[in-house]
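A.B. asks: Take a look at this one; I'll ask things after.
The values are calculated or read from the model by the stated rules, or taken from the named source; none is laboratory data. Since this is a predicted model, take the numbers as computed values, not measurements. A quick note on method: Cβ atoms are made from the backbone with ideal geometry, for glycine too, and the neighbour counts reach across all protein chains shown.
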Amino acid sequence: MLSIIKSAALMGIDSYPVEVEVDLSSGLPSFDIVGLPDSAVKESRERVRTAIRNSGFAFPVKRITVNLAPADTKKEGASFDLPIALGILAATELFPAAATGNSLITGELSLDGSVRPVNGVLPMIHDAWKRGVTTCFVPADNAEEAALVNGMTVYPVHNIKEIAAHFSGGKQILPYEKNQDFFPHGEDEQEGLDFAHVKGQENAKRAMEIAAAGGHNILLIGPPGSGKTMLAKRLPTILPDLSFEESIEITKIYSVAGLLKEKNALVHNRPFRSPHHTISPSALTGGGRIPKPGEISLSHHGVLFLDELPEFQRNALEVMRQPLEDGKVTISRVNGTLTFPSDFMLVAAMNPCPCGYLGNSEKCHCSTSEIMKYHRKISGPLLDRIDLMIEMPAVAYEDLESTSPAENSATIKERVVRAHKIQLERFKNEGIFFNAQMNAAQIEAYCPLSPKEKELLRSAFEKMELSARAYHKILKIARTAADLAGAEQITLPHLLEVLQYRSLDRKYLL
Ligand SMILES: Nc1ncnc2c1ncn2[C@@H]1O[C@H](COP(=O)(O)OP(=O)(O)OP(=O)(O)O)[C@@H](O)[C@H]1O
Ligand SMILES: [Mg+2]
């Protein structure tokens, strides 16, 4: 007897269909799985055998062959347990082989026959839905996640017995009723964080506003305790809300990484990741035997915050150069490559010198060579990918003491959102969302300068010895400054403001 169950496997954050074919034939009892299974899939045999017995069914004493088609891609993980078990039960004619029809089935089994959640349910279901599949059976703990795909009927499965009864005409499983619709909100994780708490530092706050509005990378430089970490943590409170498509894309990444919080399936907030400086290059970019997205992908459509930048391993920073440019990271594997999206905004913080108090002659005794060595820890090419650099001086006592309320995040966010809308309109046929993503041709098209502005830029370029990349960045940031002001054209004030964010180029690009 042959039975075929429809399932799916993951490739990066995408999914492809897999047919689980089970054949029972007479001969010496055996149980083989073919179709490039990895060790977790091979171990499936033991789980399936025990789970079927412990659910009160007889395990067939036959020659059992399971084929995972297509056979030319390596199958990983334990998500084929449930389809294999059902295939065996169907092949023993416990229920008609046609009963499962076109439904997608996935799930890991416990030895007692209960169904455990698996990673990557959203990409699997989303992809299946695009192929025309309209029903799926998923572990009950993944039901909310699967139900995010509108138009898909989701059956939550708790154990083998339940699903076997469903297919053999016994007690039916009721389709899952989703209990959340998409609405972006930023409350839960950002509770209590607000720009209003940061006293003084008006320049840095303005730079953060520009960075948030245009999706620009930013580096904060200042002595200990000047509020760098404080400010960076508050950045998500002024970022534009996620669109539904962005949210789905992030959720797929978190689903594959196994980081979705139960019952809160869709990611509502822009991610904010702040890995420790001891992180390894592969934890940043992603990889591993079963490839998992790294920090740069977990920051997709959000913020990657690297605090104490010079403390990071140099090769960890090097591996980010390409993803920073391309918005995706490619991981090489034995059997081909796979790509994870990684379009994030980089926010970095550092002290100006090893002791942190450069410029304060009483406190700082760092020698020039020590300072140069400290700066050299960050490679020029990485610094070159940072659009805005801002120096944050120590906070003045008057600012700390001041009780006059600073602008709050909600007010700043309003301006950011307005500027973002202008960009969405401008780029609606370009496939990009932020000024920071413009390529050279787009910069030429959207950042025209009149002779006066050109003259200013020319002299600044010569005096400040800027690189070609810096030139393009200045135009992009100036575009954002103009958008924040609601201006059609980039004018002198925008350029002058933006030039000060590049004035540190020579000081730090030693
Ligand atoms: N501008 C500010 N307004 C109000 N409080 C501040 C400000 N700057 C710093 N503080 C206070 O100092 C603490 C330390 O600030 P923060 O951690 O942001 O400093 P930092 O610049 O990151 O320093 P380091 O270089 O040591 O990491 C904050 O938790 C806050 O209590
Ligand atoms: Mg800090």
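A.B. asks: Can you find, within region 67-90, the residue that is nearest to the chain's Cα centre (by Cα) among those that are at pLDDT 95 or above and more than 25 Å from Gly132 (Cβ to Cβ)?
C.D. replies: In this case the residue turns out to be Asp81.
A.B. asks: Pairs only if they're at least six apart or on different chains, beta carbon under 6 angstrom, first in region 240-258 and buried (at least 19 other Cβ atoms within 10 Å of the Cβ), second of a type in the set (Ser, Thr, Tyr) and in a helix (DSSP H, G or I); list them, first residue then second.
C.D. replies: Ile253/Ser297
A.B. asks: Looking at region 190-235, which of its residues are away from ligand 2 (no atom under 16 Å from the Cβ), buried (at least 22 other Cβ atoms within 10 Å of the Cβ) and over 14 Å from Leu388 (Cα atoms)?
C.D. replies: Phe195
A.B. asks: Next question. Looking for whichever is part of a helix (DSSP H, G or I) and either hydrophobic (A, V, I, L, M, F, W, C) or buried (at least 19 other Cβ atoms within 10 Å of the Cβ) (or both) here; the options are Leu68, Leu94, Leu89. Which one fits?
C.D. replies: Unique residue meeting the criteria: Leu89.
A.B. asks: Starting from region 220-232, take each residue that is in contact (Cβ under 8 Å) with a residue 24 or more places away in the chain and more than 6 Å from ligand 1 (Cβ to nearest atom) and list its partners that are of a type in the set (Phe, Trp, Tyr) and not in a helix (DSSP H, G or I), counting only C-beta distances under 6 angstrom and pairs at least six apart or across chains.
C.D. replies: Pro223/Tyr357; Ala232/Phe305
A.B. asks: So, Glu295, is that one of a type in the set (D, E, K, R) and either more than 18 Å from the chain's Cα centre (by Cα) or closer than 14 Å to Leu383 by Cα (or both) or not?
C.D. replies: Taking the combined requirement at face value, the residue does not satisfy it.
A.B. asks: Looking at (1) touching a Phe, Trp or Tyr at 6+ places or on another chain (Cβ under 7 Å); (2) closer than 20 Å to Lys292 by Cβ; (3) not hydrophobic (A, V, I, L, M, F, W, C), which is the one condition that is false for Thr73?
C.D. replies: All conditions are met except number (1).
A.B. asks: Strands (runs of 3 or more DSSP E) wholly in region 260-346 with at least 2 residues that are surrounded by 17 or more Cβ atoms within 10 Å (Cβ to Cβ) and more than 16 Å from ligand 1 (Cβ to nearest atom) - which ones?
C.D. replies: 328-333, 336-341
Rundown of residues vs (1) among the aliphatic types (A, V, I, L, M); (2) out of contact with any helix residue (DSSP H, G or I) (no Cβ under 7 Å at 6 or more places or on another chain); (3) not in a helix (DSSP H, G or I), yes/no style:
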residue	(1), (2), (3)
Gly359	no, yes, yes
His365	no, yes, yes
Lys373	no, yes, no
Leu383	yes, no, no
Val395	yes, yes, yes
Asp399	no, yes, no
Val417	yes, yes, no
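A.B. asks: While we're on this one: Counting only residues that are within 25 Å of the chain's Cα centre (by Cα) and crowded, with 17+ Cβ neighbours inside 10 Å, which one in region 387-414 is farthest from Gly356 (Cα to Cα)?
C.D. replies: Lys413
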